[in-house]
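*Asks:* Let me begin by handing over the structure; questions about it come next.
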Amino acid sequence: MIEAVGLAIGRQREHSDAREDWGMTISGVALLAICTLLGSLLGDWLGIALGVKANVGGVGFAMIILIAARLWLVRRGWLSPGVKQGIGFWGALYIPIVIAMAAQQNVVSALKSGPVVVAAAIGTLVVCFAAVALISRMGGPIESMDEIEAREAGASKEAG
């Protein structure tokens, strides 16, 4: 009898965890969709105001709105830990996906614009690679995680 009650409670916990995961996913997607729509709308309005036939900064506006909305909801205590994780997860996925989509559009329009734009893009890429190489050489020697743990273990033995 006791085992049966324990199994039933275990199943109920598994079921409630699944519901929390489902709610986390749905809430994250809903907030992300609202922020995306508002960001797109603001980007379109900014494009119209600047006289450009494009969305100007819609992705950036959406991310700022997502961050602000998440902080606002957290301060009010309206987010459970699961929903916080869901929003963080979807926000992290949102950035690379939208940037990849925007990059694809930029490449297509650049190739149609002519060789000067392509040369400028290649030059920018070379400068970025050179900057990364230069910055990485400016740093000191890099310790592996094993070396850091060994150093900390040695320091704690000396202190203790």
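The values are calculated or read from the model by the stated rules, or taken from the named source; none is laboratory data. All values reported here derive from a predicted model rather than from experimental measurement. Backbone-built Cβ (ideal geometry, glycine too); neighbour counts: all protein chains shown.
*Asks:* When the residues of region 62-84 are filtered to those that are surrounded by 14 or more Cβ atoms within 10 Å (Cβ to Cβ) and touching an Asp or Glu at 6+ places or on another chain (Cβ under 9 Å), which remaining residue is farthest from ILE34 (Cα to Cα)?
*Replies:* Applying the filter and picking the extreme gives GLY82.
*Asks:* Report yes if some residue within region 93-109 is at pLDDT below 80 and in contact with a Leu (Cβ under 8 Å, 6 or more places away or on another chain); otherwise report no.
*Replies:* yes
*Asks:* So LEU38 fits all but one of (1) within 17 Å of ILE97 (Cβ to Cβ); (2) under 20 Å from the mean Cα position of the chain (by Cα); (3) of a type outside the set (D, E, K, R); what number is the exception?
*Replies:* (1)
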